[in-house]
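What follows is one structure encoded as structure tokens, with my remarks underneath.
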Amino acid sequence: MKIGKQTLKLESTPKILETSAAVGPKESDGPLGIYFDIKCSDVFYGEKTFEKAESKYMKAAIDNLLYKLNLQNDNIDYIFAGDLLNQCIASGYCIRDLNIPFFGLYGACSTFVESIILSSLFINAGYGTKVIASASSHFCSAERQFRMPLEHGNQKPPTAQSTVTGCGAALLVPHTFEKKVPVVTYVTPGKIVDMGIKDMNNMGAAMAPAAFDTIITHLKDTERKPEYYDAIITGDLGVEGTDILIDLCKDYGVDISKVHRDCGKEIYDLTKRDMNAGGSGCACMASVFSGYFYQELKEKRLNRVLIVATGALMSPISIGQGESIPSIAHAAAIENEV
Amino acid sequence: MENDKIKMTVKEYSEYVESKSAKSPIIKNIFLAFISGGLICVIGQIITNLCINYGIESKDAIIISTISLIFLGAFLTAVNLYSKIGKYAGAGSVVPITGFSNSIVAPAIEYKSEGFVLGLGANMFKIAGPVLVYGILTSVIVGFVYWLMLLVR
Amino acid sequence: MIIEYLKVFITGGIICSIGQILIDKTKLTPARILVIFVTLGVIFTAIGVYKPLVDYGKAGATVPISGFGYALANGVIEEVKDKGFIGIFTGGVKATSAGIAAAIAFGYLAALFAKPKIK
């Protein structure tokens, strides 16, 4: 049911039955390393190209998800997934081998929450009983597509972010499942916000206004205060983006500084060189939520979280043509039942 | 393009972002660029001088030194060292001829996966191509102007 | 000898520092920096400003990509002197042919053996 301006209340509160995360070497070495299910120290994952490697990271995460629940591919009704590559080839080639009906999504780095939203709506409407939401990204394939060749010797400005290598996957089921697990209560799909930022090396600044818009709309629509949540988790705003988001909220009279956390800031040790402003990419929210925050929810260290993944919807072509970066943020409230 | 909840215009927002974002450590960067760029040039001079010592004409010596530096840039790129140096050296490793070499080898390595003709071959000059285009174009203009001057004289 | 190398070091260092200032202050990408340097190299040589720099700093002025512009401009001017009109089109590339051919040859060879790696 739609409440307020753009939020949907999920009456039947779909459950997130299980999650699974696969990550690359830099992420495994990061502060959250111990939480990820699959850690692969080879960015190629034994494949010939980075694009194939990215597909394999996704395959590993999904296979592991099914293995954890002792399920087969044909038990799954639908899968919602996406990535950053042109025509979403990482997801496409991964799911080619899975034999599951597939919806390919592109929401840039917001894709994971977009998948969660659509999967939970499917479950809520009774169109399926087991739906997977997933998203992947890969540092090397993303650098190739959006920036410079890897071997090119260039410096990155401190506002630049580093794409997370990996994938996260979650299985959503109807409320009738016995197991006591976190549920999705409200979802707020975002609007596109563009404040005219053109610098590809400052995505945090481009995406923060979108996160701000969605968070404020969500809080208004649900008549909740930021303190209602144990954590408001953004995907990949990084250091600058986080500061800007908190500032924007303050200007609007809402203080989220006490509950706000950012996956991009937490996934890497930012004191190390080259980490600059933190992680980004679809896999940033996907792997950190699936690996870390879901565990925290399950073990009741957190009980109510709002996940807000932000995406920058530009392409190298639009940047070349001098366009600014349109951004979007999708939010989903995930809570433990009392 | 403005947002109804944000009390800033696009221009104000970009100024605000500018004030907020971390700046590159420019003094340190210039220092490192100076040292590394200077060193690469010194290596070039050493090679030139060696050639001259062996009785090679100075014009050819400079060509040999250029070729050697291009080889060095290509080699360091192939063993994954040039990008590591570049992180510290910045313009110090971009501006010298070794950086030109690096900008040719880097896409060549990367696009090999799309085949030898349309991958490696077509993308080799992805970054360095403009250098040739604008360098040669300007030289043609200079040549033309010089030719006109000779005519008039 | 030492003085000579010091001059090379300082000249090369200063040219690269200018590039660094452009990168940090203007958000120009490395590809654009290279284009600016090579174009300015050609123009400065043509108007006679770059030659004194090469005389002073030697490799310090010829190794940076602006030196590539210096070679292009010198080549085209010499060739126009010798051959007239045709020289406009042959001079520049002729003078820099070694560099271009070497870059293609070594680049190709390097690409054959190397594998992309994460930084």
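Applying the set (1) facing chain A (nearest Cβ under 9 Å); (2) among the aromatic types (F, W, Y); (3) surrounded by 21 or more Cβ atoms within 10 Å (Cβ to Cβ) to B:Y88 leaves exactly one unmet item: (3). Of all residues in the stretch B:57-66, at least one satisfies being of a type in the set (A, V, I, L, M), in contact with a Gly (Cβ under 9 Å, 6 or more places away or on another chain) and at pLDDT below 95. Among the residues of the stretch B:129-153, those that are small (G, A, S) and facing chain C (nearest Cβ under 7 Å) comprise B:G135, B:S139, B:G143.
When A:T185, A:T129 are checked against the criterion of being open to solvent by 10 Å² or more (accessible area, probe 1.4 Å) and assigned to a loop (DSSP other than H, G, I, E, B), a single residue qualifies: A:T129. Of the residues screened, B:I63 is one that is without any contact (Cβ under 8 Å) to a residue 12 or more places away in the chain, surrounded by 20 or more Cβ atoms within 10 Å (Cβ to Cβ) and closer than 11 Å to C:V63 by Cα.
Just so you know, in the stretch A:223-279 the residues that are of a type in the set (S, T, N, Q) and free of Cβ contacts under 8 Å to residues at least 24 places away in the same chain include one that is surrounded by the most Cβ atoms within 10 Å (Cβ to Cβ), and it is A:S257.
Restricting attention to the stretch B:116-153 and to residues that are aromatic (F, W, Y) and not in a loop (DSSP other than H, G, I, E, B), the residue that is farthest from C:I43 (Cα to Cα) turns out to be B:F116.
Looking only at residues of the stretch A:75-105 that are open to solvent by 20 Å² or more (accessible area, probe 1.4 Å) and touching a residue at least 40 places away in the same chain (Cβ under 8 Å), we find that the one that is nearest to A:N64 (Cα to Cα) is A:N75.
Among the residues examined, B:N80 does not qualify as open to solvent by 10 Å² or more (accessible area, probe 1.4 Å), free of Cβ contacts under 8 Å to residues at least 24 places away in the same chain and either aliphatic (A, V, I, L, M) or more than 7 Å from every other protein chain (Cβ to nearest Cβ) (or both). When B:I47, B:I35, B:I43 are checked against the criterion of being in contact with a Phe, Trp or Tyr (Cβ under 9 Å, 6 or more places away or on another chain), more than 14 Å from chain A (Cβ to nearest Cβ) and at pLDDT 95 or above, B:I35 stands alone in meeting it.
Please return the ranges of strands (runs of 3 or more DSSP E) entirely within the stretch A:220-338 where 3 or more residues are touching a Ser or Thr at 6+ places or on another chain (Cβ under 6 Å). By residue number, A:304-312, A:327-335.
The condition of being of a type in the set (G, A, S), surrounded by fewer than 19 Cβ atoms within 10 Å (Cβ to Cβ) and within 11 Å of chain A (Cβ to nearest Cβ) does not hold for B:S103. Considering each of C:G48, C:G41 in turn, give the residue that is in contact with a strand residue (DSSP E or B) (Cβ under 9 Å, 6 or more places away or on another chain) and under 23 Å from B:I136 (Cβ atoms). Selected residue: C:G41, the only one of C:G48, C:G41 that is in contact with a strand residue (DSSP E or B) (Cβ under 9 Å, 6 or more places away or on another chain) and under 23 Å from B:I136 (Cβ atoms). Return a yes/no flag: does the stretch C:41-64 have any residue that is in a strand (DSSP E or B) and either farther than 26 Å from B:M124 by Cβ or touching a Phe, Trp or Tyr at 6+ places or on another chain (Cβ under 9 Å) (or both). Yes: one or more hits.
If the condition is being modelled with pLDDT of 95 or more and among the β-branched types (V, I, T), then the stretch A:280-336 contributes A:V288, A:V305, A:I307, A:V308, A:T310, A:I325, A:I328, A:I334. Selection of the stretch A:4-26 for residues being modelled with pLDDT of 95 or more and not in a loop (DSSP other than H, G, I, E, B) yields A:T7, A:L8, A:K9, A:K15, A:I16, A:L17, A:E18, A:T19, A:S20, A:A21, A:A22, A:V23.
Residues are listed down the side, and each one gets a yes or a no for (1) at the interface with chain B (Cβ under 7 Å from one of its Cβ atoms); (2) surrounded by fewer than 15 Cβ atoms within 10 Å (Cβ to Cβ); (3) of a type in the set (D, E, K, R):
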residue	(1), (2), (3)
C:I2	no, yes, no
C:V8	yes, no, no
C:G13	yes, no, no
C:T26	no, yes, no
C:F37	yes, no, no
C:G41	no, no, no
C:T45	no, no, no
C:V49	no, yes, no
C:Y56	no, yes, no
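Restricting attention to the stretch A:43-62, the residues that are more than 14 Å from chain B (Cβ to nearest Cβ), without any contact (Cβ under 8 Å) to a residue 24 or more places away in the chain and open to solvent by 60 Å² or more (accessible area, probe 1.4 Å) total 1. If you go through the stretch C:69-100 and keep only what is over 18 Å from B:F125 (Cβ atoms) and of a type in the set (G, A, S), you end up with C:A71, C:A73, C:G75, C:G84, C:G87, C:G91, C:A95. Restricting B:F34, B:F75 to residues that are open to solvent by less than 60 Å² (accessible area, probe 1.4 Å), in a helix (DSSP H, G or I) and either in contact (Cβ under 8 Å) with a residue 60 or more places away in the chain or over 30 Å from A:I244 (Cα atoms) (or both) narrows the list to B:F34. Condition first: more than 7 Å from chain C (Cβ to nearest Cβ), part of a helix (DSSP H, G or I) and either within 28 Å of B:G99 (Cα to Cα) or open to solvent by less than 60 Å² (accessible area, probe 1.4 Å) (or both). Now tell me which residues in the stretch B:2-31 satisfy that. Within the stretch B:2-31, B:V10, B:Y13, B:S14, B:Y16, B:V17, B:I27, B:K28, B:F31 meet the criteria.
Of everything in the stretch A:155-176 that is assigned to a loop (DSSP other than H, G, I, E, B) and of a type in the set (S, T, Y), the residue that is nearest to B:K28 (Cα to Cα) is A:T159.
Being over 29 Å from A:K5 (Cβ atoms), of a type in the set (V, I, T) and open to solvent by 10 Å² or more (accessible area, probe 1.4 Å) narrows it down to one of A:T163, A:T176, so name that one. Exactly one of A:T163, A:T176 is over 29 Å from A:K5 (Cβ atoms), of a type in the set (V, I, T) and open to solvent by 10 Å² or more (accessible area, probe 1.4 Å), namely A:T176.
When C:P30, C:P64 are checked against the criterion of being within 7 Å of another protein chain (Cβ to nearest Cβ) and at pLDDT below 95, C:P30 stands alone in meeting it. For the stretch A:134-151, the set of residues classified as open to solvent by less than 10 Å² (accessible area, probe 1.4 Å), among the aliphatic types (A, V, I, L, M) and within 11 Å of chain B (Cβ to nearest Cβ) consists of A:L150 only.
Quick check, is A:G204 touching a Gly at 6+ places or on another chain (Cβ under 8 Å) and within 14 Å of another protein chain (Cβ to nearest Cβ)? Answer is yes for this residue.
The values are calculated or read from the model by the stated rules, or taken from the named source; none is laboratory data. The structure presented is a predicted model; accordingly, all values stated were derived computationally and were not measured. All Cβ positions, glycine included, derive from the backbone under ideal geometry; neighbour counts span all protein chains shown. Keep in mind that these areas ignore ligands, DNA and RNA; they rest on the heavy atoms of the full protein, side chains included. Shrake-Rupley method; radii C 1.70, N 1.55, O 1.52, S 1.80 Å.
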